[in-house]
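Structure first, then comments.
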Amino acid sequence: MSEARYPEHFIAAIDAMAALAPVIPVLKIDRLEDAVPLATALVEGGLPVLEVTLRSDIALDAIRLIRAEVPGARVGAGTVTNPTNLQQAVDAGSEFIFTPGATPALLKAALEAGVPMVPGIQTVSEMMTALDLGYQRFKFFPAAAAGGTAILNSIAGPFPHVRFCPTGGIRISNAHEYLSLANVMCVGGTWLTPDNLISSKNWDAIRDLAAEASALRS
Ligand code: 3PG
């Protein structure tokens, strides 16, 4: 029996999502009451694709709530590190999955769960393992620490069909350097949702940060 392959239509689904905005906010939501106003501010600012990280006890509930109550939001789960997390994220309604790394178990679990996934990779060999299964869209993580735009430029030569969402160390000041690369489909980051603005419920300021980021591709 041939091994299952990542379906081509998931690659198209990820490309369509990346086309919605140049930046995917990476969210850590600690209080459920913040989920809807935070997501609403980001969507209103022009960033509808949200990565809700499984880094808090209420993350899965936050995913459910945003899906139910924030029109226009496209919600996925991030910091998914094992197949159990992945299935929980899918059950909570995640439309897509981001992972910090690409273990064989995770690459297989997304195929079995039937969910689009953007696996995190840092090396060409990790990427090639996932390419063998049909994955072609990756989170390059941690982007700045692992070589930034220079390494992405170098990878484009042998792998021109691969596209990345670099994340890790990206801010408004350097995002445009990544977005100018042909193999970068979007970037991700936490800079849009600073802890102090969330704890002070300064949704207007978060909307402004999102608007500034969404204008990176206009
Ligand atoms: C992630 O989980 O993708 C990272 O924490 C994002 O890194 P950043 O905080 O440097 O944006």
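FYI, it's all coordinate maths here, none of it is from the lab. Just so it is clear, the model here is predicted, and its values are computed rather than measured. Backbone-built Cβ (ideal geometry, glycine too); neighbour counts: all protein chains shown.
The table below lists the values:
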quantity: Residue that is nearest to the chain's Cα centre (by Cα), among those in the stretch 28-53 that are part of a loop (DSSP other than H, G, I, E, B) and farther than 19 Å from residue 89 by Cα; calculated: 47
quantity: Checking residue 178 against (1) touching a helix residue (DSSP H, G or I) at 6+ places or on another chain (Cβ under 7 Å); (2) closer than 19 Å to residue 52 by Cα; (3) surrounded by 19 or more Cβ atoms within 10 Å (Cβ to Cβ), the condition it does not meet; calculated: (2)
quantity: Test: residue in the stretch 158-165 that is buried (at least 17 other Cβ atoms within 10 Å of the Cβ), in contact (Cβ under 8 Å) with a residue 24 or more places away in the chain and within 12 Å of the ligand (Cβ to nearest atom); calculated: yes
quantity: Residue 12 being of a type in the set (A, V, I, L, M) and in contact (Cβ under 8 Å) with a residue 24 or more places away in the chain; calculated: no
quantity: Top-ranked residue of the stretch 18-27 - restricted to ones that are outside any strand (DSSP E or B) and within 16 Å of the ligand (Cβ to nearest atom), ranked as farthest from residue 207 (Cα to Cα); calculated: 18
quantity: Positions within the stretch 64-77 being within 15 Å of the ligand (Cβ to nearest atom) and hydrophobic (A, V, I, L, M, F, W, C), in sequence order; calculated: 77
quantity: Single condition residue 118 does not satisfy, out of (1) more than 15 Å from the ligand (Cβ to nearest atom); (2) in contact with a Lys or Arg (Cβ under 6 Å, 6 or more places away or on another chain); calculated: (1)
quantity: Looking only at the stretch 28-52, and only at residues there that are out of contact with any Phe, Trp or Tyr (no Cβ under 8 Å at 6 or more places or on another chain) and within 15 Å of the ligand (Cβ to nearest atom), the one that is farthest from residue 212 (Cα to Cα); calculated: 30
quantity: Search result, residues across the stretch 173-211 that are within 16 Å of the ligand (Cβ to nearest atom), without any contact (Cβ under 8 Å) to a residue 60 or more places away in the chain and not hydroxyl-bearing (Ser, Thr, Tyr); calculated: 174, 176, 177, 184, 191, 194, 195, 196, 197
quantity: Meets criteria (over 25 Å from residue 3 (Cα atoms), more than 16 Å from the ligand (Cβ to nearest atom) and either more than 13 Å from the chain's Cα centre (by Cα) or among the acidic types (Asp, Glu) (or both)) for residue 151; calculated: yes
quantity: Selection from the stretch 127-146 of residues that are within 16 Å of the ligand (Cβ to nearest atom) and surrounded by 15 or more Cβ atoms within 10 Å (Cβ to Cβ); calculated: 137, 138, 139, 140, 141, 142, 143, 144, 146
quantity: Verdict on residue 102 being buried (at least 16 other Cβ atoms within 10 Å of the Cβ) and either more than 16 Å from the ligand (Cβ to nearest atom) or not in a helix (DSSP H, G or I) (or both); calculated: yes
